[in-house]
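The values are calculated or read from the model by the stated rules, or taken from the named source; none is laboratory data. In this text the structure is predicted, and so the values were computed from the model without any measurement. Counting neighbours? That spans all protein chains shown, and the Cβs are built from the backbone with ideal geometry, glycine included.
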Amino acid sequence: MSKTKSETKQSAEPEKVRIYIMGSRYDVPTGLTIMKAMEYAGFKITRGAGCRAGFCGACSTVYRKAGDFRIYAALACQTPVEDGMVLTQLPFVPAPKPKYKIDDLRPSANSILRYYPEVARCLSCNACTRVCPQEINVMNYIQDCLHGKLAKAAEESFDCVQCGLCTIRCPAEIPQYHVAMLARRLHGKYNIPTPKYLEIRVKELEDGKYEEGFQELMTIDKKKLKERYTTRDFMDQKKGGGDE
Amino acid sequence: MKYSYFPGCNLKTNSVGFEETAIAVSKKLNAELVEMPEWNCCGTIHTQTTDNLMKRIAPVRNLARAAEHVKNLENSSKEVIHKQVVTLCSMCNSTLKIVNAEVKEDTDKLEPINWQLEYDNLEYKGDMEVKHFLEILRDDIGYETIMESVEKPLKGMRIASYYGCMLLHPEIAKIDDQEAPTVMESIVQALGAEVIDWPFFKFCCGSYHIVGEEDLVNIQVHTLIDAAKKRNANSIIVACPLCRYNLEHEQIELIKNGKMKNSLPIFYFTQLMALALGIKPMKLYHFEEHLVNPKPFLKELGLIGRKKSK
Amino acid sequence: MPFEYIKMDKEALKFIDTIEEISGSNVYLCYDCGKCSSGCAFVYKMDLTVNQVISYIKTGQKEKVLSANSPWVCSSCLTCTVRCPREVDIAAVMEAVREYTLRNEPERLKRIELTDEMKKNLPNIALVGSYRKKSEL
């Protein structure tokens, strides 16, 4: 798809914008996303790209614009390039990820502070909210975690794609997106009732109802697997297992 | 009369009794505390450095939000609201007060902080005042009103008032005389309890040293509790969640190590006010949060429990 | 009694300047009355008393000041500041020494270990406070 698009544009002499990728200058057609512009320029992205549809959060990017002191952050697959952009691609955001047993915790602020004591370092500078590509009010949910309002924190952070941009910008070194995950887990486990269908599905899994289907998928060859993937039908829920 | 009220983190997590009784008391005394809809942690302890603006953002953000809240309150309730934000926690009180005074005096400091708030469409104009609930009780309500509304005098309680450092220090954040404060004592008297005069009213409990250097806090608390017992006090009142935690936690440790025999119950001043004003239900008091259970003590004095009150 | 010469070299003067800059307080105002030390609630745990710290800063003895535990034992209760007859903001000077150390060697920040009992009940302002005072932020 993308190939044909760029070909048609090239034939019609598309307008170009000048961008700077890791310091070197490139002229790329307008209307490309940052990710596509980088690929157009010849970069092969091996890490830091995923769904290319703004859902997985793998392609977090920081950039600056010409004549603007601010650091901008975005998902590279969602943001079109602009003239004078200085940019790079972040392959990975390091963040601590402590192990916990959700059954041993209580839904309280101290459960969060126990694993993420750095939440207490929050300065309320709001840098995290400013970079969030999902427009989540990150500072507010971190503060809610600190105040023990887990329901509010879980709701606020629900759209998080875990790109990690907030974590890069945080002067207090809080891994916000992992904190939000813990808050959502605590909220889901203790504060809201477990839906019946989930119980049924978990029981089905435990009873090994889908074991056969999985085994089949594991053993068939690549070609057949591809074929099944392309012909899969989301609507055909009744048979079950087809889209797994 | 309504007041914009800033709760602070702890009153939402493990000092809920402090907040809920305070709000109940404020309603009863016709000076309702209305919580700000949006607020953040104020930073607990004020930075004493001159050059660190980062740590001043949080309190200024709260002040700006409080100013908005006052405006909204005024529009919705159609009465004049003082440009004040009321706090309960003594640490929040001192942090907000100090920073407020600093940025009012020095606009060079306020300006860069306001740049940080720009993104949220907030701006602090330096027009707010920070008050502790004790100041409201003293200045706006008055001890007489409190005395008149007492339904159940706290007979038998001999209370040592523990201010802690942050209600009286530093000069710009004090709520009363630094070396001879009387607010808490006057309230205790108004509630019908006996005032215990003791010199340790602002002897630091160790504060945040509880994290990492517990032995320091242990010695401080030992001194404090011994002094209160020597002067025949049977309970202590505080206005700070951290003081309450330190005093209770270390008492338990001291008893465990055999350095002390029996423990003194620690109360928030609002809990005792609510008790004397006859505020119910008991759920509001959240006595289960206290590490030293105060219920047996109150039952012994006939202040709680159904048999004697009805 | 043994004595030592105080060397007021460039480094010492720079140290004094930095401390004064961070704290915003003039340490030369101090006349060593000792009121700060006598009122301090934690002085028994300090290896240099409060007024000793101030006078070592006055004379630029950086090593002695930085190796003392006094600024770290200080809990910022501000009793010294309030009582100082010369209006030196002593607690701020203590904070400045802490900041000086942390700005130059951030590894001084200790990883905080909590006991199980504390994890359940510790007020979060204790954590916020200790981070604000003992970390380089």
Of the criteria (1) within 12 Å of chain C (Cβ to nearest Cβ); (2) surrounded by 23 or more Cβ atoms within 10 Å (Cβ to Cβ), which one B:Val99 fails: (1)
Segment A:87-124: number of residues that are in a loop (DSSP other than H, G, I, E, B), more than 15 Å from A:Met181 (Cα to Cα) and under 23 Å from the mean Cα position of the chain (by Cα): 6
Selection from segment A:138-155 of residues that are outside any loop (DSSP other than H, G, I, E, B), crowded, with 20+ Cβ neighbours inside 10 Å and of a type outside the set (Ser, Thr, Tyr): A:Val138, A:Met139, A:Asn140, A:Ile142, A:Gln143, A:Asp144, A:Cys145, A:Leu146, A:His147, A:Leu150, A:Ala153, A:Ala154
Number of positions in segment A:21-69 that are within 14 Å of A:Asp83 (Cβ to Cβ), charged (D, E, K, R) and crowded, with 17+ Cβ neighbours inside 10 Å: 0
Members of segment A:168-190 that are on the phi > 0 side of the Ramachandran plot and assigned to a helix (DSSP H, G or I): none
Test: residue in segment B:63-76 that is within 30 Å of C:Glu20 (Cβ to Cβ) and not small (Gly, Ala, Ser): yes
Residues located in segment B:31-55, provided they are free of Cβ contacts under 8 Å to residues at least 40 places away in the same chain, within 19 Å of the chain's Cα centre (by Cα) and under 22 Å from C:Ser76 (Cβ atoms): B:Asn40, B:Cys41
Test: residue in segment B:217-225 that is away from chain C (no Cβ under 13 Å) and in contact (Cβ under 8 Å) with a residue 60 or more places away in the chain: no
Complete set of residues in segment A:55-86 that are among the β-branched types (Val, Ile, Thr), modelled with pLDDT of 90 or more and part of a loop (DSSP other than H, G, I, E, B): A:Thr79, A:Val81
Residue tally, condition touching a Leu at 6+ places or on another chain (Cβ under 9 Å) and away from chain B (no Cβ under 11 Å), over segment A:132-149: 3
B:Ala274 in a loop (DSSP other than H, G, I, E, B), in contact (Cβ under 8 Å) with a residue 24 or more places away in the chain and buried (at least 21 other Cβ atoms within 10 Å of the Cβ): no
Boolean, B:Lys202 is of a type in the set (Lys, Arg) and free of Cβ contacts under 8 Å to residues at least 12 places away in the same chain: no
Unique match (being among the aliphatic types (A, V, I, L, M), touching a residue at least 60 places away in the same chain (Cβ under 8 Å) and part of a helix (DSSP H, G or I)) among B:Ala160, B:Ala101: B:Ala101
A:Arg25 basic (Lys, Arg) and assigned to a loop (DSSP other than H, G, I, E, B): no
Qualifying residue in segment B:14-28 (condition: touching a His at 6+ places or on another chain (Cβ under 7 Å), surrounded by 23 or more Cβ atoms within 10 Å (Cβ to Cβ) and modelled with pLDDT of 90 or more): yes
Scope segment B:174-216; condition within 11 Å of chain C (Cβ to nearest Cβ), part of a loop (DSSP other than H, G, I, E, B) and in contact with a His (Cβ under 9 Å, 6 or more places away or on another chain); matching residues: B:Gln178, B:Lys202
Close pairs from segment B:173-199: first touching a residue at least 12 places away in the same chain (Cβ under 8 Å) and farther than 17 Å from B:Leu29 by Cα, partner surrounded by fewer than 18 Cβ atoms within 10 Å (Cβ to Cβ) and of a type in the set (Gly, Ala, Ser), Cβ under 7 Å, at least 6 apart: B:Trp198/B:Ala227
Residue satisfying condition, being within 11 Å of chain C (Cβ to nearest Cβ), in contact (Cβ under 8 Å) with a residue 12 or more places away in the chain, touching a Ser or Thr at 6+ places or on another chain (Cβ under 8 Å) and not in a loop (DSSP other than H, G, I, E, B), within set B:Ala58, B:Ala22: B:Ala58
In segment C:35-93, residue nearest to the chain's Cα centre (by Cα) [restricted to those that are assigned to a loop (DSSP other than H, G, I, E, B), over 22 Å from B:Leu216 (Cβ atoms) and β-branched (Val, Ile, Thr)]: C:Val88
C:Glu21 being among the charged types (D, E, K, R), within 14 Å of chain B (Cβ to nearest Cβ) and in a loop (DSSP other than H, G, I, E, B): no
Checking B:Ile279 against (1) touching a residue at least 60 places away in the same chain (Cβ under 8 Å); (2) in a helix (DSSP H, G or I), the condition it does not meet: (2)
Residue among C:Arg98, C:Arg86 that is among the basic types (Lys, Arg) and surrounded by 18 or more Cβ atoms within 10 Å (Cβ to Cβ): C:Arg98
Condition met for A:Tyr190 (exposed (fewer than 14 other Cβ atoms within 10 Å of the Cβ) and among the hydroxyl-bearing types (Ser, Thr, Tyr)): no
Segment B:84-96 - residue that is within 13 Å of chain C (Cβ to nearest Cβ) and not in a loop (DSSP other than H, G, I, E, B) and, of those, surrounded by the fewest Cβ atoms within 10 Å (Cβ to Cβ): B:Ser90
The one condition in (1) within 25 Å of C:Asn121 (Cβ to Cβ); (2) more than 9 Å from every other protein chain (Cβ to nearest Cβ) that B:Val70 fails to fulfil: (1)
Candidates A:Leu75, A:Leu113, A:Leu123 - the one that is more than 14 Å from chain B (Cβ to nearest Cβ) and either among the aliphatic types (A, V, I, L, M) or under 20 Å from C:Leu122 (Cβ atoms) (or both): A:Leu75
Extreme residue, farthest from the other protein chains (Cβ to nearest Cβ), among residues of segment C:71-83 that are of a type outside the set (A, V, I, L, M, F, W, C) and surrounded by 22 or more Cβ atoms within 10 Å (Cβ to Cβ): C:Pro71
Matching option when the condition is within 19 Å of A:Lys101 (Cα to Cα) and not assigned by TED's automatic domain parsing to the domain that holds A:Ser124, among A:Val202, A:Val179: A:Val202
